[in-house]
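Contents: one structure, followed by commentary.
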Amino acid sequence: MKIGLIGGSGLYKIDGFNLIESASLSTPFGFPSSSYQIGIIHGIEVVFLARHGKSHNLPPHKVNYRANIWGFKSLGIERIISVNAVGGINRLLSPGDILIADQIIDFTFGSRESTFYEHDKVVHVDFTYPYCTEMRHYLYESTKKAGINAINKGTYVCVNGPRLETAKEIKFFDSIGGDIVGMTAMPEAILSRELEICFASLCVVTNYAAGISSSKLTTSEVVAVMKTSIDRIKFIINEAIKLFSDTKTCICKDTLKDAEL
Ligand code: HPA
């Protein structure tokens, strides 16, 4: 079993893991955001990728999501834990909270390359539950072990960015059941599903979404809150890796069964 880790804003490397090598890949879809850092945690191979590049040079709408996920697959990754910085829409959320999302509403409106099936095959994959239920369960168990008060579900509204939202957009997202807003869950989640990779996300609330508080939103606030959350994120990841087993009980591995026309 090999685990993939995607680091978002403020998380560009994982220290504390035994780095074995770095892999620079080229894929049929172009180049991933950066080289993959391959290391060991608790005897398990873990492959880390900085979504926005190691020096954060790629904005969310310019990330080559297909190359990133394809690269993980070609390295033999079967599960991906993604770390996302998000704004809190739900009034019960505050900066620093960690949420294990269970649903997505996609407002990128197809402006990103969001499928591997464009030419030879017509494939419609089931995406009723966009995140792997098994991984979500283990991530949540890990937060409890760490004494971290995480929230085990919530709806991630994904926007294209790079601008932040207007207050009315957030009000609208709130009215349709959005709990958090971010720019990267899609198409990462669907591309992983298309390749039958289990995928779950640790969302760190880095700010109140637009109009929820009266203060101006700043990128430095996002990075600062992510930095103060990194130790907790690493602890959760460390614990979760110990819990994942070789046998999977989720549906992700059978995604392509009966999905092709
Ligand atoms: N909106 C969109 N993306 C984000 C936010 C936000 O408020 N915070 C962190 N990523």
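Here are some pairs, Lys54/Lys248; Lys54/Lys216; Lys73/Lys253; which of them have Cα atoms lying more than 21 Å apart in this structure? Result: Lys54/Lys248; Lys54/Lys216 exceed 21 Å.
Backbone phi angles across region 88-105, fed through the Karplus curve with coefficients 6.51, -1.76 and 1.60 (θ = phi - 60°), yield HN-Hα couplings of x, 9, 4, 5, 7, 9, 10, x, x, 5, 10, 10, 9, 5, 10, 9, 9, 10 Hz in residue order; Gly and Pro are listed as x. Close amide H pairs (under 5 Å, H built 1.01 Å from N) link Asn84 with Leu202, Cys203, Val204, residues at least 5 positions away or on another chain.
A Förster radius of 45 Å, combined with the Cβ-Cβ distance separating Lys144 from Thr166, puts the computed FRET efficiency at roughly 0.75. Looking at the chain as a GNM with Cα springs under 10 Å, which of Ser114, Ser213, Ser192 has the largest mean-square fluctuation? Highest fluctuation among the options: Ser213. Result for the chain in a Gaussian network model with C-alpha springs under 10 Å: among Thr247, Thr218, Thr166, the largest mean-square fluctuation is at Thr247.
Counting DSSP beta bridges in region 1-101, what percent are antiparallel, to the nearest 5? Please report the intermediate quantities before stating the final value.
Details: 11 of 21 bridges.
Of those bridges, close to 50 percent are antiparallel.
Among Glu113, Glu196, Glu21, which one shows the highest mean-square fluctuation when the chain is modelled as a Gaussian network with alpha-carbon springs under 10 Å? Answer for the Gaussian network model of the chain: Glu21.
Here the simple spin-label model places points 7 Å from the Cα toward Cβ, and for Lys227 and Leu58 these points are separated by 2.4 nm. Restricting attention to region 76-193, lysine pairs at least eight places apart or on different chains and with alpha-carbon atoms under 27 angstrom apart total 4. Need one number for the chain: average projected area of the convex hull over its C-alpha atoms, nm². Directional mean of the projected Cα hull area for the chain stands at 13.1 nm². Computed FRET efficiency, Cβ-Cβ of Ser175 and Ser215, R0 22 Å: what is it to the nearest 0.05? Computed FRET efficiency for Ser175 and Ser215: 0.45.
Using the Karplus relation 6.51 cos²θ - 1.76 cosθ + 1.60 with θ = phi - 60°, the per-residue 3J(HN,Hα) values for region 171-188 come to 4, 5, 4, 4, 5, 9, x, x, 9, 9, 10, x, 10, 10, 4, 10, x, 3 Hz, with x marking Gly and Pro. For region 1-106, the Cβ-based charge dipole about the Cα centre amounts to some 240 debye (Lys, Arg positive; Asp, Glu negative; other atoms uncharged).
Place +1 on the Cβ of every Lys and Arg and -1 on the Cβ of every Asp and Glu in region 2-254, take the dipole about the Cα centre, and give the residue among Met186, His119, Phe48 whose Cα lies farthest towards its positive end. Looking along the dipole axis, the top candidate is Phe48.
Quick check for me: using +1 on Lys/Arg Cβ and -1 on Asp/Glu Cβ, what's the dipole size of the chain about its Cα centre, in debye to the nearest 20? List each step's numbers first, then the result.
Values: 27 positive and 27 negative charges, 133 e Å.
Using only the charged Cβ atoms, the result is roughly 640 debye.
List the relative contact order of the chain as a percent without decimals, with contacts defined as Cα pairs under 8 Å and 6+ residues apart. Don't skip to the answer; put the middle values down first.
Numbers: 557 pairs, mean separation 69.2, N = 261.
So the answer I get is 27 percent.
Given a Förster radius of 22 Å and the C-beta distance between Asn152 and Lys242 as r, what FRET efficiency does 1/(1 + (r/R0)^6) yield to the nearest 0.05?
Details: r = 19 Å, r/R0 = 0.85.
Between Asn152 and Lys242 the formula returns 0.75.
Bridge orientation summary for region 2-254: considering DSSP beta bridges with both residues in this region, about 35 percent are antiparallel.
Just so you know, all these numbers are worked out from the coordinates, no wet-lab data involved. Bear in mind that the values here come from a model prediction, so they are computed numbers and not experimental data. For neighbour counting, all protein chains shown are included, and Cβ atoms are generated from backbone atoms with ideal geometry for every residue, glycine included.
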